[in-house]
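Encoded as structure tokens, the structure appears first; notes follow it.
The values are calculated or read from the model by the stated rules, or taken from the named source; none is laboratory data. Bear in mind the structure is a predicted one, so any value in this text is a computation, not a measurement. Heads up, the Cβs are rebuilt from the backbone with ideal geometry, glycines too, and the neighbour counts pull from every protein chain shown. What goes into the accessible areas is simple: the full protein's heavy atoms, side chains included, and nothing from ligands, DNA or RNA. Shrake-Rupley method; radii C 1.70, N 1.55, O 1.52, S 1.80 Å.
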Amino acid sequence: SGRGIGSSISPSAWTDLRESTPGLAALARLAFTVGCLWVVMRPDRVIDPTTQLAGLGIPGLAVATIGFNRVGGDMELVGVAVGIVHALAMAAWLGGIILLGRVVLAGPGDEDLVHAVRGFRRISMPAIIATVLTGLIQTYRLAWGQLFDTSHGRVLLLKGLAVAGMVFVGLASREFIRSRMSRVETMTAPLAVRLRRAIGIEIVVGMVVLLLTAWLTSFVPGKVVAGPQTVRDLGTKHELVNTQFNVRATVQVTERVGANAVMLTITSPKTGLQDVQLEFT
């Protein structure tokens, strides 16, 4: 929006978020994120049949709202659907390895830990495939052909390299899990340490990917027209007065390099005007 961090985090500045789809998604994401505290305080709600739907649904909806961050461009509805799948798949992938490294592999244990690691391996592979495929679709939709010409494209290339590294490390760690966990029945302390080290690098690279994703949101993709999302994005109001015809109006321009948006507001007369023309010099 061009405003500073201090003014942007003030709730009084959020009213204009209701005027755009990404803004509404941001408000919904904030509400669902606050709702996640209900799940965090009692993690067993995720497996309790009476609360499981809400325990999984609230965090899932919070992540799904990320799919509405990028509207515009080619195949907009497809982009929203693909964005939702991309966010959920990445959450399952990265969230899964963090849960695995920080909770499941925190120490030795019985066969339940072994089953948890094997189960994650089965879930993570489809999540990796879905993340990569949907990421490629979004890249083609938003920035294909302009990857080297825009800031968004260059950061996207950097993110692509990080994701490729994460995929490489992830596939190696899954193979390590497959080879070391195929015949064991209990999680020994040395095995837990080795597995935790194997996925530690994947977690670090995943956090870098998240940081690059956050950075990307500050840029406009090359194939999305840079227009104002709210009236606040328009520039100073310029008064226009024509006393001969008793016409009073204001004009605002976004005042940016490239294609600009213009708003012409006629305050008087209320009716009767025909063939209105606005001339720029």
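Things worth noting here:
- Being over 19 Å from the mean Cα position of the chain (by Cα), among the hydrophobic types (A, V, I, L, M, F, W, C) and at pLDDT below 90 is a property that L100 has.
- Counted residues, region 180-224 - those being among the hydroxyl-bearing types (S, T, Y), open to solvent by 60 Å² or more (accessible area, probe 1.4 Å) and either under 21 Å from D110 (Cβ atoms) or in contact (Cβ under 8 Å) with a residue 12 or more places away in the chain (or both): 4
- Scanning region 63-86 for residues that are among the small types (G, A, S) and either assigned to a loop (DSSP other than H, G, I, E, B) or modelled with pLDDT of 95 or more (or both) gives G72, G73.
- Taken over region 143-156, the criterion of being open to solvent by less than 20 Å² (accessible area, probe 1.4 Å) and either in contact with a His (Cβ under 8 Å, 6 or more places away or on another chain) or of a type outside the set (A, V, I, L, M, F, W, C) (or both) is satisfied by A143, H152, G153.
- Some residue of region 40-51 being part of a helix (DSSP H, G or I) and open to solvent by less than 30 Å² (accessible area, probe 1.4 Å): no
- Test: residue in region 125-134 that is closer than 23 Å to V169 by Cα, among the β-branched types (V, I, T) and either exposed (fewer than 14 other Cβ atoms within 10 Å of the Cβ) or over 20 Å from the mean Cα position of the chain (by Cα) (or both): yes
- Qualifying residue in region 226-234 (condition: of a type outside the set (G, A, S), open to solvent by 70 Å² or more (accessible area, probe 1.4 Å) and out of contact with any helix residue (DSSP H, G or I) (no Cβ under 8 Å at 6 or more places or on another chain)): no
- The one condition from (1) assigned to a helix (DSSP H, G or I); (2) at pLDDT below 80; (3) loosely packed, with under 13 Cβ neighbours inside 10 Å that V34 does not meet is (2).
- When region 98-119 is limited to residues that are in contact (Cβ under 8 Å) with a residue 40 or more places away in the chain and either part of a helix (DSSP H, G or I) or among the polar types (S, T, N, Q) (or both), the one that is surrounded by the most Cβ atoms within 10 Å (Cβ to Cβ) turns out to be L100.
- Failed condition for A25, given (1) open to solvent by 40 Å² or more (accessible area, probe 1.4 Å); (2) of a type outside the set (S, T, Y); (3) within 30 Å of L234 (Cα to Cα): (1)
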